[in-house]
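Novice: Quick one: the structure is below, questions incoming.
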Amino acid sequence: DYKIVVGSDWILDPNNPNQQWSGFGPNSELRMPDYEDSPYEVLQSGVQAGTLSANKMIPSSFLKYSLNYKVWLPSDYSPSNAEPYKMLYVTDGHEYADSRLGALPTIAANMLSEKLIEPLIIVFVSPLNPSNSNQNRRSAEYVLNENYSKFLVNELVPAVESAYHVSRKAEDRGILGTSLGGLHSAYIMATQSATFKRIGIHSPAFWYREQIFDLVKDLDQKPKAIYMTTGTINDTEEKADEMRDIFDSKFWDYGYKKVNEGHSWGNWSGTMDEMLRGLYPVIN
């Protein structure tokens, strides 16, 4: 992703029609000639989109403020389904749910239609202050914040599980995040393994709190599934490789994907199908 700087202005490249949205709006996008978009990012013909709720506000006694979250239900969701649904909790949920950014509801709907992943419900947790959307709390919430992890485990998970037909088993719950959110996913893996056993990590900012490496080294309990990705262009490859080496030293099974991309939603949405398959594979 890039912009052209003209004086003090950052502008889109007028000669390049390719754009990729970020949390701060669109950027021009450099694509190699043979690059292909993931086919799952656009709702396929005949596929039902499922339902994304409006914001739900939940107060937190641990954080001393309220947070918003949305719940995505697959089109075939039924509270009388024989099997309870598996769960995926997503940080930076306002961006993962956005069709211009993470496009996760659309990707999940397409993959469920093709029976490529297990049936699941997705909870998108927003770091934006419900009273002031210009205030993003992620830089405090996602950096080894014990109170935020307690909010997830003791407040959000029970609230969701009381409202929907979902599994109460730790091995059926996942957590997914990108950048600082990827750091947070690893922290949840290290400290809340009794609640979350499927760990999704996009371009993790492990450099921001390198204590995470020791926390994971000290973890005895093996997660049910781990999938981690990183770009190789000004992204998080070096520290992601360091975490990969820890996984190897513990003889854990995991998925790890590197792509020739930067720290952007083009990277993360483009690898989302592999992330979901890594965390919720269909076992034949």
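Novice: From the list Lys257, Lys217, pick out the single residue that is more than 25 Å from His94 (Cβ to Cβ) and in contact (Cβ under 8 Å) with a residue 24 or more places away in the chain.
Specialist: Only one candidate passes the filter, namely Lys217.
Novice: Considering (1) in a helix (DSSP H, G or I); (2) closer than 21 Å to Met111 by Cα; (3) of a type in the set (D, E, K, R), say which one Glu242 fails and leave the rest.
Specialist: For Glu242, the exception is condition (2).
Novice: Now, a different point. Can you tell me how many residues in the stretch 96-111 are in a loop (DSSP other than H, G, I, E, B) and free of Cβ contacts under 8 Å to residues at least 60 places away in the same chain?
Specialist: So the count comes out to 2.
Novice: Here's a follow-up. Considering only the stretch 106-128, I want to know if a residue exists there that is more than 22 Å from Gly278 (Cβ to Cβ), out of contact with any Phe, Trp or Tyr (no Cβ under 8 Å at 6 or more places or on another chain) and open to solvent by 30 Å² or more (accessible area, probe 1.4 Å).
Specialist: yes
Novice: Further question: Could you grab me the full set of residues in the stretch 245-272 that are under 29 Å from Leu43 (Cβ atoms) and assigned to a loop (DSSP other than H, G, I, E, B)?
Specialist: Matches in the stretch 245-272: Asn260, Glu261, Gly262, His263, Ser264, Thr271.
The values are calculated or read from the model by the stated rules, or taken from the named source; none is laboratory data. The shown structure was predicted, so the numbers you read here are calculated from the model rather than taken from an experiment. All Cβ positions, glycine included, derive from the backbone under ideal geometry; neighbour counts span all protein chains shown. The protein model used for the area step is the full one, side chains on, heavy atoms only, and it has no ligands, DNA or RNA in it. Shrake-Rupley method; radii C 1.70, N 1.55, O 1.52, S 1.80 Å.
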